[in-house]
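The values are calculated or read from the model by the stated rules, or taken from the named source; none is laboratory data. Everything numeric here is computed off the predicted structure, so don't read it as measured data. Glycine also receives a Cβ, built like all others from the backbone with ideal geometry; neighbour counts cover every protein chain displayed.
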Amino acid sequence: MKNFLILGLLAMFLFSVSAALSLWLQQAKQQQETAEKDKEKTPPPDKEKPALEKNGKPKEITEPKPPPATKEPPASPLSEADLKRLRDTEARLERRTAQIELVLRDLQTQRERNDYLLQQVMAELKNLPAETSKLDAMLKDLNNRTVEYNALEDANITKLATMYEAMAPEAAAPILKDMAEKGRMDTAAKILVKMKERNSARILESLEPSLGSQLIDRMLRLRTTPTAPGAAKTP
């Protein structure tokens, strides 16, 4: 806003200077025209009386025709150099005024654009509570679905652990090995965690040492990980 006022004052100042120079040049031209008109109104000097012949009649005298008058440019109170400087100054002021007007138009356009963006932001802010409520509802629904999924998964893991406990360790070990090798290492570890420690230890003894070490590491992580909402606590 401050820059806008400064540019406005500068434009007014330059316009005033240009108007003053134009008025001064116009007054000088009017003074020159007035001097020429006064010069034209001055009566010419009396002509000499014509010579008389012997009979008393005036003698005809043939006067030579005057040469055609050449129009001289009216004298100016200012020199050519001064007039040239004044014209150059006036031209510079006009260019500067045009530049300032262009800057003012750009500022006005930018201000209108900023006002439009501000209105959009204010409209978005007004709709923000409704959008926040929608997000809260979606998050609540997602949490509920997560709880249901965890509870269902925990129930399935418990059933599998009960089933593997009823099997011989030599029969359950290959199944858990195949499960771990197919990328379901966490599921195998969860099943072993749900089983009694005596039974899970027998199955681990039947596995290869490297695979058993990996499963034991996963089992330790599961025992130390906080229980998710809705999921059964790890025994």
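A few comments on the model shown:
- Flag for I191 being assigned by TED's automatic domain parsing to the domain that holds D217 and touching a residue at least 24 places away in the same chain (Cβ under 8 Å): yes
- Scanning region 178-197 for residues that are over 60 Å from the mean Cα position of the chain (by Cα) and closer than 15 Å to I216 by Cβ gives M195, E197.
- For E112, the stated conditions do not hold, so it cannot be described as over 34 Å from the mean Cα position of the chain (by Cα) and of a type outside the set (K, R).
- Check on N127, out of contact with any Cys (no Cβ under 8 Å at 6 or more places or on another chain), modelled with pLDDT of 85 or more and farther than 30 Å from Q32 by Cβ: no
- Residue, farthest from the chain's Cα centre (by Cα), within region 159-172, restricted to residues that are closer than 10 Å to M195 by Cα and crowded, with 16+ Cβ neighbours inside 10 Å: E165
- Screening L86 on (1) modelled with pLDDT of 85 or more; (2) over 24 Å from E33 (Cα atoms); (3) of a type in the set (A, V, I, L, M) shows it passes everything except condition (2).
- Any hit, region 97-107, residues being modelled with pLDDT of 85 or more, under 30 Å from Q32 (Cβ atoms) and assigned to a helix (DSSP H, G or I): yes
- Under the condition of being under 30 Å from R202 (Cβ atoms) and either without any contact (Cβ under 8 Å) to a residue 12 or more places away in the chain or surrounded by fewer than 12 Cβ atoms within 10 Å (Cβ to Cβ) (or both), the residues counted in region 117-154 number 1.
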